[in-house]
């Protein structure tokens, strides 16, 4: 019979050696989610690439504006307990906007219209029951959300997390400003 000095509960904390290196930094998680919303959920960008580069500049401006808005929101809410929920909402909203833009064929230049409302970019109720919008919600929203909830995020001390969030908000606000400046210059 052997003597056990330590009892194992099966719980592994973040303090185990090497685990902190393997976990994803919250800044990278924000960048990945914002990049997904700006590029993968950007129907204008994919339509511009499919048409041989026509309207690529407004689509790129829209990509920067969407990434900047998503990154700013995720940096603002990028705390340990709120990040995954906020990222889920942002990713599903990006997929829903992609479905609305695709089904209504809204041009990217409409984003600089001062009378534009967010509700005009959303899909109509009838299109929610067609195959395009649920498919986009599953592929563009569901797949990254499943990945996000299964990935471990690195825990940072409070002051480091605050600095990371503040730097992220400033950087993503600049990206958003550059995107809208490009859209206004092209309008």
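Structure notes:
The rows are residues; the columns are (1) over 19 Å from residue 59 (Cα atoms); (2) modelled with pLDDT of 80 or more.
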| site | (1), (2) |
| --- | --- |
| 100 | no, yes |
| 108 | no, no |
| 111 | no, no |
| 117 | no, no |
| 122 | no, no |
| 128 | yes, no |
| 131 | yes, yes |
| 134 | yes, yes |
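- Condition check for residue 177: over 16 Å from residue 74 (Cα atoms) and in a helix (DSSP H, G or I): yes
- Residue list for segment 52-69, restricted to those being free of Cβ contacts under 8 Å to residues at least 60 places away in the same chain and closer than 26 Å to residue 138 by Cβ: 59
- Condition met for residue 78 (touching a residue at least 12 places away in the same chain (Cβ under 8 Å), within 26 Å of residue 162 (Cβ to Cβ), within 17 Å of the chain's Cα centre (by Cα) and in a loop (DSSP other than H, G, I, E, B)): yes
- When 64, 92 are checked against the criterion of being surrounded by fewer than 20 Cβ atoms within 10 Å (Cβ to Cβ) and under 24 Å from residue 168 (Cα atoms), a single residue qualifies: 92.
- Filter pass, residue 155 being more than 17 Å from residue 44 (Cα to Cα) and loosely packed, with under 13 Cβ neighbours inside 10 Å: no
- Every residue from segment 100-134 that is in a helix (DSSP H, G or I) and in contact (Cβ under 8 Å) with a residue 40 or more places away in the chain: 101, 102, 108, 109, 111, 112
- The residue of segment 136-150 that is surrounded by the fewest Cβ atoms within 10 Å (Cβ to Cβ), among those that are in contact with a helix residue (DSSP H, G or I) (Cβ under 7 Å, 6 or more places away or on another chain) and more than 25 Å from residue 60 (Cα to Cα), is 149.
- Residue count, segment 140-163 (criterion: over 14 Å from residue 25 (Cβ atoms) and either in a loop (DSSP other than H, G, I, E, B) or over 14 Å from the mean Cα position of the chain (by Cα) (or both)): 4
- Residue satisfying condition, being farther than 25 Å from residue 101 by Cβ and either surrounded by 13 or more Cβ atoms within 10 Å (Cβ to Cβ) or at pLDDT 90 or above (or both), within set 23, 86: 23
- Residue ID - modelled with the highest pLDDT, chosen from residues in segment 42-70 that are in a loop (DSSP other than H, G, I, E, B) and out of contact with any helix residue (DSSP H, G or I) (no Cβ under 6 Å at 6 or more places or on another chain): 51
The values are calculated or read from the model by the stated rules, or taken from the named source; none is laboratory data. Since the model is a prediction, treat every value here as computed from it, not as a measurement. Because the Cβ atoms are built from the backbone with ideal geometry, glycine has one as well, and the counts that use them run over all protein chains shown.
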